[in-house]
Amino acid sequence: MGKEQLNAAQQSMIKWLSHENELGKAPARIECTKEFELYGLHYYVFRFKAEPLDKWLLAVCGGYEENGLEHSGHIFSDMKSYNDKTAVEDATEIVERIRAYWMERARRQQQLNDMIKANTDFRTQQEIPVKDIENQFVKTENRFYLAVGSVDFPTGSVIVADPLAYLPSRQFSPVLNKKVPAGERCSVEVSLCRNDVIGLRMCTARLVIKQTPAVKYIKASATEDTVIKLKDGSIEGFPVDAGMICFCDKQTAEEYREFLDRWYAENPDGNHYDDYFAAFFAESYSNMPAYQREGGDFIEWINPDTNSRMVMIASGLGDGLYNAYYGYDADDNICQIIVPMVNPDIFDV
């Protein structure tokens, strides 16, 4: 290998050692003592001293391809003594540890990617198995559910949308094509889970219309005039771009927009989340810290101008396209509307 590659490796080694988490400065002395090949890549063994009178320590840099000048990230030092007789063996062991770490990290990332895809498939299928939802609304060591507020339906026309990014602008906030009884106030529940993969997450938001149990969940559709249309067709569901969903009545949505219009007239440089809603979420967290992430994951908001109620809930794994589902009881009446966001069975490993 050429001298240019060796110089590049030494400069990379000095830069790495100078990081505040390592020596915090350039070594007083450094020199390359050996070279070796591993898995078709070239490596350089260094010995260095933090101070002129210190003992020699071992370091390795490499993973170079032929005459390349960029190492593959295999650069490290345990800050242990340098032994010339075992230097290559010691450096090889370090490289093997680095490789094992990144391979395991890649494996876990792929596993997470597979889980996220499986979860997306779960929450976008045409019919959600009832058992999958029932398994969420239980109380175990790592699962829970609770009521988070009520929603007023003066007209019975239901909107499920992102309340922060799209509902204020009247964009991407479809009205469902089936109504709930006008004049009703319906409670909202949310299931949640906590595990090592995704932490604490909201799983399924459930609008309770009747107290009868659901026997099937069928994907909901929007009214023809509010369905989201694109150049090449229309899309089901609704997009989330602020990590939040809501249940509200069509009339309540208009009142909400009027409230925000007035709020912005009084706060022209403000932000409706940071400067207004964040305080409500913070209060929610303060009242129930065991069931939501810091900053808050759900609120019941009462419009101060009209006293109409709506509920906002954090959208599971964040932004994306979500769907509402009608829950039908044994008499084929709508008893629930749900938004499945996370299937905890997928992430319990």
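Summarising the label geometry, the points placed 7 Å from Cα in the beta-carbon direction at Lys15 and Ile235 lie 4.0 nm from one another. Over the C-alpha trace of the chain, radius of gyration and Dmax come out as 28.6, 86 angstrom. Hey, could you get me the Stokes-Einstein D for the stretch 218-349, Kirkwood radius over alpha-carbon pairs, 25 °C and 0.890 mPa s, rounded to whole µm² s⁻¹? Answer from the Stokes-Einstein relation: 143 µm²/s. One chain, two ends: Ser286 and Gln211. Fully extended at 0.36 nm per residue, the span grows by 24.0 nm beyond their Cα-Cα distance. Exceedance of the 29 Å cut-off in Cα-Cα distance is limited, within the set Lys15/Lys117; Lys3/Lys80; Lys117/Lys231, to Lys15/Lys117. Farthest toward the positive end of the dipole of the stretch 188-241, out of Ala220, Leu207, Ile235, is the Cα of Leu207, where the dipole comes from beta carbon charges about the Cα centre. Bridgeable lysines around Lys250 (alpha carbons under 17 Å apart, same-chain partners fewer than 8 residues away excluded): Lys178, Lys179. Using a probe of 1.4 angstrom and keeping all protein chains present, the accessible surface of the chain works out to 51 square angstrom per residue.
Among the protein heavy atoms of the stretch 130-216, carbon and sulfur supply 46% of the accessible surface, probe 1.4 Å, non-protein parts ignored. Using C-alpha pairs under 8 Å with a sequence gap of at least 6, the mean separation divided by the residue count of the chain gives a relative contact order of 16 percent.
Annotation for the stretch 131-150 versus the stretch 206-227: alpha-carbon center distance of 18 Å. In terms of Cα atoms, the Rg and Dmax of the stretch 146-305 work out to 16.4, 49 Å.
Before rounding to the nearest 500, sum -39500 (n - 2.57) across all DSSP H runs of length at least 4 in the chain and divide by the residue total; then give [θ] at 222 nm in deg cm²/dmol.
Taken over the chain, the calculation gives -8000 deg cm²/dmol.
The values are calculated or read from the model by the stated rules, or taken from the named source; none is laboratory data. Remember, predicted model here, so these are calculated numbers, not experimental data. Positions of Cβ are backbone-derived with ideal geometry, glycine not excepted, and every protein chain shown enters the neighbour counts. These accessible areas exclude ligands, DNA and RNA; they are computed on the full protein's heavy atoms, side chains included. Shrake-Rupley method; radii C 1.70, N 1.55, O 1.52, S 1.80 Å.
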